[in-house]
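Visitor: Take a look at this one; I'll ask things after.
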Amino acid sequence: MKGAIFVFIIAVLLFSFMAGCFEPPTPPKPPKPNVTENLTENQTVENVTKEIVVGPCRGLTRADVDACLLNKSLCSYIEDASLKDSCYFTATNCSGIVNDEMRHNCQISVGFSMCANDPDQSLCKALASNDLFYCGTNSECLLKFAFKTNSSKACDAITSGSMDKSACNSILLMDPYRCYVYEQYDASRKECIKTFARITGTNGNICNQISDQIYREDCQSSVAYSSGNYSECLPITSYKTRKDCLIDVAGKLKDPSLCEYSGTFASAAKDIAYCKVRVAQINLMPSICQDINESGYIWGCFADSIVDNETLRSECDKITDPLYRDWQNQCYQRARTG
């Protein structure tokens, strides 16, 4: 009997031990949703929930967002440095560009766009790019470039002659007297001064530093012609220089009324008449001749201002004094239309 009890106890203990080694089955978990069904070819489950949003742009990568921002010209929001510079370049906002070379090219591009309607495109492009290449061998362009940039290289590039080089170097020093130092002959000196005055746009005060009267008055005459300002002639005391100065300016401006300023010397009437003749001849304007009071100048005035196929027919219409009807008829016969 005791043996049976012992066997029963052992059996109970063994059953308890075996029962602890097993767990009851758990119910199955519900399946995960199949998110891959709505993914594009290059997307993954991980990055679907990490969409990047910047302003009106959104994308799965920063590169996608930057491309969108570039397309909308929202340059300041772009993260990629090179793409941001490209955006600013396209928008011609050169100051926002970090890359030095690209910023410089942007500034040139902006400068060139402003040259489209400039009457002197070569100079405009040369200044915009700081490059003499665009002037080529054009001395006028090189002279103006030298004046605006104080570049001696522009003077070195001049091949048109020594006079232009002399004028250019005088411009660099802003000293018109240098024309008399660099040039040996009066004619070239005067042309040098004219070029100096034309390029710099200065007035006769620049001539005051020249102590020699002849050179100073030549300088004043050249400035008067280049600036088209007859008042620059008036301080000149030399009779011939002053007379020639007024004739040159009146001829350039096609204004015979300026000839009246010649009437301050003893031969006033003849000087005024001669000045008007020269204005008529220079500009082929025979109508001026009918206003000359010195009879000895009238015939020559008409004869020299009516030139075959050069004097305009419209100028003939302006000869209205009946005393000169014959000259008007001759003018019509010889003039060109237009």
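Visitor: Show me the ranking of peptides 282-289, 308-315 by mean Cβ neighbours inside 10 Å, starting with the highest.
Guide: Packing order, densest peptide first, comes out as 282-289, 308-315.
Visitor: Per 0.36 nm of contour for each residue apart, how much would the distance between D291 and A269 grow if the chain were fully extended, relative to their Cα-Cα spacing?
Guide: On the way: separation 22, 0.36 × 22 = 7.92 nm, distance 1.25 nm.
This chain segment gains 6.7 nm when fully extended.
Visitor: Which aspartates and glutamates, if any, have their Cα less than 17 Å from the Cα of K72, not counting same-chain residues under 8 positions apart?
Guide: Hits, sequence-local ones excluded: D64, D80, D85.
Visitor: May I ask you to derive the FRET efficiency for N71 and M102 from their Cβ-Cβ distance with R0 = 30 Å, giving the value to the nearest 0.05? If you can, show how the numbers build up before the last one.
Guide: On the way: r = 19 Å, r/R0 = 0.65.
In this case the efficiency is close to 0.95.
Visitor: Just grab the label-to-label distance for N130 and D80, each label 7 Å out from Cα along the Cβ direction, in nm (one decimal).
Guide: 3.1
Visitor: Compute the length gained on full extension between W299 and T159: take 0.36 nm times their separation in residues and subtract their Cα-Cα distance, giving the result in nm to one decimal.
Guide: Length gained between W299 and T159: 45.9 nm.
Visitor: How big, on average over all directions, is the shadow cast by the Cα convex hull of segment 233-292, in nm²?
Guide: 3.5
Visitor: Using a cut-off of 19 Å between alpha-carbon atoms, which lysines can reach K240, once sequence neighbours fewer than 8 places away in the same chain are excluded?
Guide: Answer for K240, where 19 Å is the Cα cut-off: K190, K194, K252, K270, K276, listed by chain and number.
Visitor: So for segment 235-338, considering every pair of alpha-carbon atoms, how many percent are separated by more than 24 Å?
Guide: The answer is 23 percent, as a whole percent.
Quick note: the coordinates plus some simple rules give every number you see, no bench work behind them. Here the structure is a predicted model, which means the values were calculated and not measured. No Cβ is skipped: glycine too gets one built from the backbone with ideal geometry, and neighbour counts run over all protein chains shown.
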